[in-house]
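Below is one structure, written out as structure tokens; comments come after it.
Bear in mind that the values in this text are calculations on the coordinates, not laboratory data. Since the structure is predicted, the reported quantities are computational estimates derived from the model, not experimental observations. Neighbour counts run over all protein chains shown; Cβ positions are idealised from the backbone, glycine included.
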Amino acid sequence: MKKVLLIGLAVLWKLSVFAQITASYQGDSWKEVLRNKQGTVTSLWNGIDPFVFKASDGRLMGVEYEVMEAFVRFTEKKYGLKLAVNWVENPDFQQMIAAIKNSKQAGVFAWGYISITAERVKFLQFTPPYMPDLNVLVTHANRALYKSPEAFLDGAKQMHSFAMNNTTMAEDLAKLRSRIPQVATTFKNNDYEIAEAISQDEKAFGYLPLSIYIVALQRGLKVKRQPVWAVKRPGFAGIYPQKSDWKEPVDAYFESADFQRDFEQIARKYLGAHMWKLVFLNVMNDSMRNQNDLELLQIEKDLFAARVIEAAQESEFQRDVRNILLLTGVFALVLMFVFYLRYRSKKHYSEVLRTQNELILTQKSEIERINRDLQLRVLQSQTTPHFVFNALHTFRYFVSINERKSTLAYLTALSECMNNLLQQSETTFCTVEEECQLMTQCLQLEKIRYADKFGFEVQYDQAVKDWQIPTLLIYPLIETALHRGILVRKDNDGFLQIGFDYKNGYIVGCIEVNAPTGEPLVGISNKSETDNASLNLMWQRMELYNAAQAGTITVSTSVPNRYEIRYRVLKS
């Protein structure tokens, strides 16, 4: 008994507070406004985008907001008076309805996407409907279309539903669930939460107003309208107290040409080029049903096509990002590899220099020899960044044109070549056999780079395979022969031949090309190629070798289209 009494007191207290709040709204009657030529009305609003909502800068916007403001301008123009509107937010939809029902003030209105129902008409006045009220049955976009009401009822038995409490959607869903009572219902706070929940669950369904469904499609939600169990009502409208005397100016505005003009502009602004036709032309009239169904299907088709295009653009963007990240990652790895080589070389050279500096007073000649060796290694190490730069440039080109096969082939060949370079980085000499293997790998990379524009052959006499020669000393000559004698050809018949044999106490290396007729291979002389960094490095290395070994290395171009290098070295 005591508990019941406490509950009753709480209800009475809540009603008294509610009565005080509603009494605080200022809403002059139409009679007072006409008499004074000015007045103030209150407009309650329950936010729902795009009908009445607050923008990011705090301004009120929306279809219903602008309709009310247009009504104010109409009264000022037609009746020659000044009317102010006090907008008050009410986030509780049911409380807003009750506020209008119990208001003692005549000039209090409310907006919030309110449906005209037979029950509400008993205690409220409605403006003429500004748009039709059609609740459509919505499922996830992956659901097939149900061709009959019975087919949907059968499929919905394994599904669950979403609705907003105390709304026409909940009312329509309750009637549908009376046929499938085993289906559970989860209640959400607003229409868009319902659309979002259905978009994320392939076994969900629910009712949405037609306009909210279209907006949900425009926002990219994965929802689909089912062509069954739609429910039509008189329309959406604003409300005001049942005993209010504002009916005369309200009806006058909504039946005027001004409203027709104003609402077309407002609907186009907030609902889009397609949706405004459904609203403004009241497309759900039975006499236009076939035409309107086609219009609605076209809207859904256009929105779906736009979503597909956006998805394709997003996929292409993601692919470009992946390619950029891949290129950046490979570049970073190669750069780290180069820095590591340089760091390791510098560290090693520093240790060698520190050791030799301690012996400089007693071993001057030995230190000079070591210094020459170090210079040769430094010059040799400078060849690696040049080679890596060309390789990265080629790799970036293949990635940019999306040539996956060429990219993978080039990356495989590059990996093998870099591994061989790393193994040879600790010494300035290698055997003829090792030199030929390294040149073969480098030329294979060039062949991939230039799309098989040339052929090549690298061979050596078995008698010299174990003799040692400076590592990659003649590779700049090979590059020069390739670019000046083969790649200038207009056909793909270029051929580069490299060979090593023994003659009169020298290892003789020959580089020969089948240059085009009339275009002999350009000759070179010592230090003449000042604009070619690779050749300059070769001449510097050669000078150091010759200084230590009394001119044992020479280069000759006496035979057309042929380079010949002669050097004397010891057996390994």
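One table, with the values for the structure above:
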{"read-out": "Net charge, Asn142 excluded, C-beta distance under 12 Å - Lys, Arg +1, Asp, Glu -1", "value": "+2"}
{"read-out": "Residue pairs, from the table Lys77/Lys101; Lys147/Lys222; Lys78/Lys104; Lys175/Lys269; Lys101/Lys175; Lys77/Lys247, whose Cα atoms sit over 24 Å apart", "value": "Lys77/Lys101; Lys78/Lys104; Lys175/Lys269; Lys101/Lys175"}
{"read-out": "Neighbourhood net charge (14 Å Cβ-Cβ; Lys/Arg +1, Asp/Glu -1) for Thr168", "value": "-1"}
{"read-out": "For the stretch 89-184, radius of gyration divided by Kirkwood radius, i.e. Rg to Rh on alpha-carbons", "value": "1.07"}
{"read-out": "Cβ-based net charge around Ile97, under 11 Å, with every Lys or Arg adding one and every Asp or Glu removing one", "value": "0"}
{"read-out": "Table column - 3J(HN,Hα) (Hz), the stretch 322-331, Karplus curve with 6.51, -1.76, 1.60, x for Gly and Pro", "value": "4, 5, 5, 5, 5, 4, 5, x, 5, 4"}
{"read-out": "For the stretch 133-234: rounded, prolate or oblate by the Cα gyration tensor [a/c cutoff 1.5]", "value": "rounded"}
{"read-out": "Mean Cβ neighbour count within 10 Å, used as a protection proxy, ranking 177-183, 341-347 highest first", "value": "341-347, 177-183"}
